[in-house]
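Novice: Below you'll find the structure I mean.
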Amino acid sequence: MAPSTMKQWSVQDKNHDFDGLKFTDDAPVPKPGENEVLVKLHAASLNYRDLIIPKGAYPFPLRLPVVPGSDGAGEILQVGSKVTQFKKGDKVVTLFNQAHQYGPIDAAAANSGVGGVVDGTLRQYGVFNENGVVRAPSNLNHLESSTLTCAGLTSWNALYGLKPLLPGQTVLVQGTGGVSIFALQFAKAAGATVIATTSSDAKSQKLKSLGADHVLNYKTQPNWGDIARSLTRDNAGVDHVIEVGGAGTLEQSFKCIKYEGVISVIGFLGGMDPKTIPHVLQTLSCICTVRGVYVGSKALMNDMVKAVEASDIHPVVDERVFGLEGVREAYEYMWAQKHFGKLTVKIE
């Protein structure tokens, strides 16, 4: 049985940097309705999105105050009377957009984000509709599973949601953030060649240890797009680009993309300066698709879980793990870009 109160964080307001985060140790534990499950959360992981919500820079729907954190893993303690998908004791992972069950995302699903509109995972217990959680992979622990909700599923959607990756194709990933690392792992498991970019020699070695076939330093090789193209058969270009830089990297992504290739836009870490963003008509001259990816559906997530189990893929988790009380410090640590892979929170 769950206690009556719990520890949790909340975002009270935005535009106040991380001072908008508030911690309490006596929040009421929610009770599940007939179609809901009560989850004892054991782990959560952070995303760039979590950092920019209290800073007032998140462009998607919010409903404040809200418990932050989209990514969480735990064990079901109670099930509602009409729940059919799960039972007590099942290990589950949260679905990012609770109403995105299958197919393309729509407006209703985009307004159901955990940690933005729906109370999230930086707390000890959470109630979710049974459609809003997914069975956790049997080969992962709670910390590893907690990384799948956003970064894992976004990567899977980028590679399989529109034009599925095929063995022998080439994928370019940018940097060493969570989405890029997952894309590297998924691509190698599928038999693809991976070209990665970074600015750090130390991170370059880690990328190679994870299976990257080629690593380019974007500071010493600013024309990495042309170089990436030269690394492909017949200089045809890469089939998939995992684009996280925005204005700072799109020009090079266009230089390396193959005809009929897909550039999946995940983020804009390099800014959104309209003066440096390539014109939309470049999609025609390059004959490619540029696609914004907003995480993915429950159907895609179930497919991803199966692939994680079949290939025994283990998410890359930063060596530093924070406790629930240390979430504010974890936000600062991630904002300073001290992490490699996913930054996780252990919830006791």
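Read the figures in this text as sums done on the coordinates, not as results from a lab. Please read all numbers here as calculations on a predicted model, not as lab measurements. As a convention, Cβ positions derive from the backbone with ideal geometry for all residues, glycine included, and neighbour counts pool all protein chains shown.
Novice: So for region 162-292, averaging the separation of alpha carbon pairs under 8 Å that are six or more residues apart and normalising by length, what relative contact order in percent results?
Specialist: Computed over region 162-292, the figure is 20 percent.
Novice: Using alpha carbons only, how many angstrom separate the centre of region 234-262 from the centre of region 159-185?
Specialist: 12 Å
Novice: Taking each full run of DSSP H in the chain as one helix, which ones are at least 30 Å long along their axis (Cα atoms) and have mean Kyte-Doolittle hydropathy of at least 1.0?
Specialist: Correct list, ordered by number: empty.
Novice: With semi-axes √(5λ) of the Cα gyration tensor in Å defined as stated, name the option among (1) 34, 26, 21; (2) 35, 21, 19; (3) 29, 27, 18 computed from the structure displayed.
Specialist: Looking at semi-axes √(5λ) of the Cα gyration tensor in Å for this model, the match is (2).
Novice: List the lysines whose alpha-carbon lies under 27 Å from that of Lys255, not counting same-chain residues fewer than 8 positions away?
Specialist: Lys163, Lys188, Lys203, Lys206, Lys208, Lys219, Lys275
Novice: Relative contact order, percent, of the chain when contacts are C-alpha pairs under 8 Å separated by at least 6 residues?
Specialist: Relative contact order of the chain: 18 percent.
Novice: Using amide H atoms built 1.01 Å from N in the peptide plane, name the residues 5+ places from Val133, or on other chains, whose amide H lies under 5 Å from its own.
Specialist: It is Leu95, by chain and number.
Novice: Now for a separate question. If I model a spin label as a point 7 Å beyond the Cα along the Cα-Cβ vector, how far apart are those points for Arg233 and Asn131 in nm?
Specialist: Those two pseudo-labels are separated by 4.3 nm.
Novice: Just the number, please: Stokes-Einstein D of region 133-180 in µm²/s, Kirkwood Rh from C-alpha pairs, 10 °C, 1.306 mPa s.
Specialist: D = 129 µm²/s.
Novice: So how much slack lies between Asp26 and Glu332, counting 0.36 nm per residue of separation and subtracting their Cα-Cα distance, in nm?
Specialist: 107.7 nm
Novice: Restricting to the chain, what percent of DSSP beta bridges are antiparallel, rounded to 5? Kindly include the intermediate steps, with their values, before the conclusion.
Specialist: Working: 31 of 57 bridges.
Percentage antiparallel, nearest 5: 55.
Novice: Please grab the % of Cα pairs in region 162-292 that end up more than 21 Å from each other.
Specialist: Numbers: 2714 of 8515 pairs.
Every Cα pair in region 162-292 considered, those over 21 Å come to 32 percent.
Novice: Give the cross-link partners of Lys82 among the aspartates and glutamates, using a straight C-alpha distance below 17 Å as the criterion and excluding same-chain residues fewer than 8 apart.
Specialist: Glu34, Glu36, Asp90, Glu130
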